[in-house]
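A short write-up of the structure that comes next.
The values are calculated or read from the model by the stated rules, or taken from the named source; none is laboratory data. In this text the structure is predicted, and so the values were computed from the model without any measurement. Quick reminder, even Gly has a Cβ in these numbers, built from the backbone with ideal geometry, and neighbours come from all protein chains shown. Side chains included, ligands, DNA and RNA excluded: accessible areas come from the protein's heavy atoms. Shrake-Rupley method; radii C 1.70, N 1.55, O 1.52, S 1.80 Å.
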Amino acid sequence: MMHVVGRVLCHAAHGGVFGIVGAAIRYALALAFAQGYGLDVTAKDSALFVDLPANMLGCFVVALIADGSALRLHGGKEHASALFPPTHRIHAHACFWVGLRAGLCGSLTTFASWNTQMVRMITAPRGVLVARAICGWLLGTQLAASSYAMGNHAALSIAKYSGHARAWRPPAPPEASSHCVDEKVCDIKHDDDNNNNNKK
């Protein structure tokens with residue numbers, strides 16, 4: 001019982017600490033790309049919504065640090081990340097990976113704020129922002145999916161060229177047996193074959 005409580009507290013602590021870091025990165029990215037602050041790319045009434053850079057980065061990172069089962073690598077879930085060799089002891093630190101994936105990437109991405117922004121644009125007076133909202137939904141979905149795919153490809157490339165992860169291969173199907181398992185079935189089949197030959 002105490003072991004379970006300790007593990008839950010460990011996961012919660014790592015998730016909380018990494019969550020604070022992820023929220024801080026998201027806020028910094030929002031300021032860096034927002035109009036009037038930094039690169040002047042995103043805006044609250046634009047299809048390029050404020051949290052788009054953070055969503056893209058979060059999707060990329062969560063795919064980059066995916067475990068072996070998600071990347072179909074040898075070792076499965078025990079291979080916590082393709083960035084490290086399978087024998088590295090960092091794979092055993094489950095709390096660290098929970099904090100990194102659920103805490104950091106979970107707070108870095110914010111799809112709720114994105115949908116709220118799109119709904120506000122759709123319900124704007126006289127519907128002047130409806131087209132922008134539709135484009136925002138399409139861009140948000142496609143760019144997030146593309147970032148995730150890029151993260152997967154990056155992780156697989158690292159695993160391939162570093163040589164510390166082998167691709168998982170499904171087991172070959174068993175070969176069909178040529179002999180009879182049940183002698184009675186074999187005898188019946190043999191008699192049927194003889195009868196068919198006699199009729200011919």
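Running Debye on region 93-147 with equal point scatterers at the Cα sites and no solvent, what base-10 log of I(q)/I(0) appears at q = 0.31 Å⁻¹?
Scattering profile of region 93-147, log10 relative to I(0): -1.11.
With every protein chain kept in place and ligands, DNA and RNA left out, what is the accessible area per residue of region 71-161? Probe 1.4 Å, answer in Å². Write out the running numbers ahead of the final one.
On the way: 5270 Å² over 91 residues.
That works out to 58 Å² per residue.
Length gain on complete extension for the stretch S146 to L39, per 0.36 nm per residue less the alpha carbon to alpha carbon distance? If you can, show how the numbers build up before the last one.
Details: separation 107, 0.36 × 107 = 38.52 nm, distance 2.22 nm.
Taking 0.36 nm per residue and subtracting the Cα distance, the gain is 36.3 nm.
If you roll a 1.4 Å probe over region 3-138 with all protein chains in place, what percent of the accessible area is carbon or sulfur?
Working: 5090 of 7460 Å².
The nonpolar share, carbon plus sulfur, comes to 68 percent.
Beta carbons within 10 angstrom, averaged per residue: use that to sort the peptides 82-88, 35-41, 17-23, highest first.
On the way: 82-88: 16.3, 35-41: 11.7, 17-23: 17.9.
With the highest mean Cβ count within 10 Å placed first, the list reads 17-23, 82-88, 35-41.
For V4, V61, write out the residues from largest to smallest accessible area, computed with a 1.4 angstrom probe and no ligands counted. Don't skip to the end; give the middle numbers.
Details: V4 70, V61 35 Å².
Reading off the accessible areas and sorting them downward yields V4, V61.
Reported to two decimal places, what Rg/Rh ratio describes region 28-89 when computed on Cα atoms with Rh from the Kirkwood expression? Mind showing how you got there, number by number?
Details: Rg = 17.3 Å, Rh = 13.6 Å.
Radius of gyration relative to Kirkwood radius: 1.27.
With the radius of gyration and the Kirkwood radius both derived from the Cα set of region 11-143, what is their ratio Rg to Rh?
Numbers: Rg = 17.7 Å, Rh = 16.2 Å.
Rounded to two decimals, Rg over Rh is 1.09.
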